[in-house]
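Colleague: Before anything else, here's the structure in question.
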Amino acid sequence: MEWTDDAIVLSSRPFGDTAALVVALTREHGRHAGVLHGGQSQRYRGVLEPGAQVAVRWRARTADQLGTWTVEPVRSPAGLYLDDPLRLAAIVAAAALMDAVLAEREAHPGLYDATLALFQALDLDIWPAIYVRWEVGLLEEVGFGLDLTQCASTGQPVGTPNDQLAYVSPRTGRAVSLSAGEPYRDKLLPLPGFLIGLGFQGGGEEDVAAGLRLTGHFLERHVFAQRHAEVPPARQRLVERYLRANGLPAPRVEGAESREP
Amino acid sequence: MIGPEIDRLIQLLSRLPGLGPRSARRAALHLIKKRDQLMDPLAEALAAAAARIRTCPVCGNLDTVDPCGVCRDPSRDSTTLCVVEEVGDLWALERTGAYRGLYHVLGGTLSALDGIGPDDLAVPGLLARVAQGTDGVAVREVILALNATAGGQTTAHYLTDRLSGLNVAISRLAHGVPVGGELDYLDDGTLTAALRARRTLG
């Protein structure tokens, strides 16, 4: 068995004395693990950082074996943003989320392309909104897509004048219009306008925060609860850092202070 | 047929970094052949090290005295604290001879993958040292000498947040072109960091 592909490194950990166990999201072969001989050497420093774009060759005697990688570096977004805590947190969070939720060896070419686009968009001012969109896409890829095309209650499509979609049902993930959702606004999640092509309110920070709250709810209650796992601390660290950087109130957290990155 | 003592020696040696079963067998045979010159002194050294080496309760360094030699050295600048990931990093900085302040060994970096949070590292001890000073001398600067990796820098950003209210200057090691490095062989991240951290000449 042997194939080549483009890949994004999700995680890497020591394997024996000199090798590394590398998990990567490949474009055509999905989330895939393998052993990289010499992966702990100087040569691979910086190449195996989370989010690094690489060209890989995977080789094994049979398809169900762990197999071995050959890795060539292409681009390392984490290396470009080591001094930028927020952007670095976004890269680490995206890699940690994909590592945690994607099934092994199940191709997600759309998500692969979207992740590359996200990393390339980190230079733009609106990258936090693009990150939220990316998380909406991730939810869709793992079977928990939000329906933001029409009101779940009235059937009104997106774009209806004077009664825009303004909320999302926390149970079904379907959008609800302003008028239909008003009596239940305390129980519904606010739908930021940029997710349905309406642009930003003000500077957009509160919209992004609402978007992170929206995707965070479905990641926590639907994706991770089903696996009896918690959302990676890396994502929580990103949200906390974003809210703090923009002077927004921290979300209500049940239990103790969050743990790491 | 290998006796149980030799077999156990081989098994233990094969657990050392860089040694597999084959090289452990060679090492064991070599030790046995050089019993007087190597095996006995090594056994004594191992026993002495196991009995006397302690982790310094102040900085996390390894030494046979408590606190460690670095913490006890009065010629050191106790207003500067250099935060490193592991004891090996402390030794590396000491080898340079370029730093004369004190250290604080974190014991790792924050890692979502391995479930390592701030409470698993020596972060509370660092905050206490900075807040209270060392031997009555206030800490004026904390140097974050952490690895230039996503994990290392995520930890550095986290520590910066935690230290920001403690009236102390926070710096980190420069990232860029290594001594003897050729630009053509550097990765994009290193080159970008080097460009961003460029200095005016003359």
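The values are calculated or read from the model by the stated rules, or taken from the named source; none is laboratory data. The model shown is predicted, which means the values in this text are computed figures rather than measured ones. Cβ sites come from the backbone with ideal geometry, for glycine too, and all protein chains shown count toward neighbours. These area figures cover heavy atoms from the full protein model, side chains too; ligands, DNA and RNA do not enter into them. Shrake-Rupley method; radii C 1.70, N 1.55, O 1.52, S 1.80 Å.
Colleague: Sorted from largest down, give the three principal axis spans of the alpha carbons of chain A, whole angstrom values.
Modeller: Rounded to whole Å, the extents work out to 61, 37, 35 Å.
Colleague: What is the helix-to-structure angle for A:205-218, meaning the angle in degrees between its Cα long axis and the longest Cα principal axis of chain A, kept from 0 to 90 and rounded to the nearest 10?
Modeller: Tilt of helix A:205-218: around 70 degrees.
Colleague: May I pose another question? Give the average, rounded to an integer, of partner chain Cβ atoms located within 10 angstrom of each Cβ in A:88-95.
Modeller: Values: counts 5, 4, 0, 2, 8, 1, 0, 3.
Taking the mean over all residues of the peptide, I get 3.
Colleague: If you don't mind, there's one more thing I want to ask. So what is the 222 nm mean residue ellipticity for chain B from helices alone, if each DSSP H run of at least 4 adds -39500 (n - 2.57) and you divide by all residues, rounding to the nearest 500 deg cm²/dmol?
Modeller: -12000 deg cm²/dmol
Colleague: I need the peptides B:36-43, B:96-103 ranked by packing, meaning the mean over residues of other C-beta atoms within 10 angstrom, with the highest value on top.
Modeller: Numbers: B:36-43: 11.8, B:96-103: 14.6.
Output ranking for B:36-43, B:96-103: B:96-103, B:36-43.
Colleague: Oh, and also: Amide H of A:Val74 versus every other amide H placed in the peptide plane: which residues, excluding those fewer than 5 positions away on the same chain, fall under 5 Å?
Modeller: HN-HN under 5 Å from A:Val74: A:Gln53, A:Val54, A:Ala55.
Colleague: Whenever you get a sec, compute what percent of the accessible area on chain B sits on carbon and sulfur atoms (1.4 Å probe).
Modeller: 55 percent
Colleague: Under 5 Å between amide H atoms, partner at least 5 residues away or on a different chain: which partners does B:Asn61 have, H built in plane at 1.01 Å?
Modeller: B:Cys56, B:Val105
Colleague: Going by alpha carbons, how many degrees (0 to 90, nearest 10) lie between the helix axis of B:40-52 and the longest principal axis of chain B?
Modeller: The helix B:40-52 is inclined about 40 degrees to chain B.
Colleague: Using only helices, what value at 222 nm comes out for chain A when you add -39,500 (n - 2.57) per DSSP H run of length 4 or more and divide by the total residues, to the nearest 500 deg cm²/dmol?
Modeller: -9000 deg cm²/dmol
Colleague: First check a/c for the stretch B:48-148, with a ≥ b ≥ c the square roots of the eigenvalues of its C-alpha gyration tensor; if it is under 1.5, answer rounded, and if not, answer prolate when a/b is larger than b/c or oblate otherwise.
Modeller: rounded
Colleague: For peptide B:138-148, what's the mean number of Cβ atoms from other chains within 10 Å of each residue's Cβ?
Modeller: Details: counts 0, 0, 0, 0, 0, 0, 0, 0, 0, 1, 6.
Mean number of neighbouring Cβ atoms from other chains: 1.
Colleague: Let a ≥ b ≥ c be the square roots of the eigenvalues of the Cα gyration tensor of the stretch A:138-219; is it rounded (a/c under 1.5), or, if not, prolate (a/b larger than b/c) or oblate?
Modeller: Cα axes put the stretch A:138-219 in the rounded bin.
Colleague: Treat each spin label as a single point 7 Å out from the Cα along the C-beta direction, and report the B:Arg8 to A:Asp64 distance in nm.
Modeller: 4.1 nm
Colleague: I've got another one for you. If you count, for each residue, the other Cβ atoms within 10 Å and average over each peptide, how do B:80-87, B:58-65 line up from highest to lowest?
Modeller: Ranked from most to least packed, the peptides come out as B:80-87, B:58-65.
Colleague: Further question: Using Cα atoms only, what is the angle between the long axis of helix A:109-120 and the major principal axis of chain A, expressed in degrees (0 to 90) to the nearest 10?
Modeller: Rounded to the nearest ten degrees, it is 90.
Colleague: Could you give the radius of gyration (one decimal) and Dmax (whole number) of the Cα atoms in the stretch B:77-201, in Å?
Modeller: Every Cα atom of the stretch B:77-201 included, Rg and Dmax give 15.5, 50 Å.
Colleague: Please express the Cα-Cα pair-distance distribution P(r) of the stretch B:2-41 as a list of whole percents, one per 10 Å bin, running from 0 to the bin with the greatest distance.
Modeller: Going from the shortest bin to the longest, the percentages are 33, 55, 11.
Colleague: Could you tell me which Cys residues in the protein assembly as shown have no other cysteine's Cβ under 4.7 Å from their own Cβ, answering none if every one has a partner?
Modeller: Result for the protein assembly as shown is A:Cys151, B:Cys59, B:Cys71, B:Cys82, no neighbouring Cys Cβ within the cutoff.
Colleague: Using only the Cα atoms of the stretch A:2-75, what are the Rg and Dmax in Å?
Modeller: According to the Cα coordinates of the stretch A:2-75, Rg and Dmax are 11.0, 31 Å.
Colleague: I need the Kirkwood Rh of the protein assembly as shown: take the reciprocal of the average 1/r across all distinct C-alpha pairs and report it in angstrom.
Modeller: Numbers: mean 1/r = 0.0394 Å⁻¹.
Roughly 25.4 Å, rounded to one decimal.
Colleague: To two decimal places, what compactness ratio does the stretch A:95-245 give when its Cα radius of gyration is scaled by 2.2 N^0.38 Å?
Modeller: 1.04
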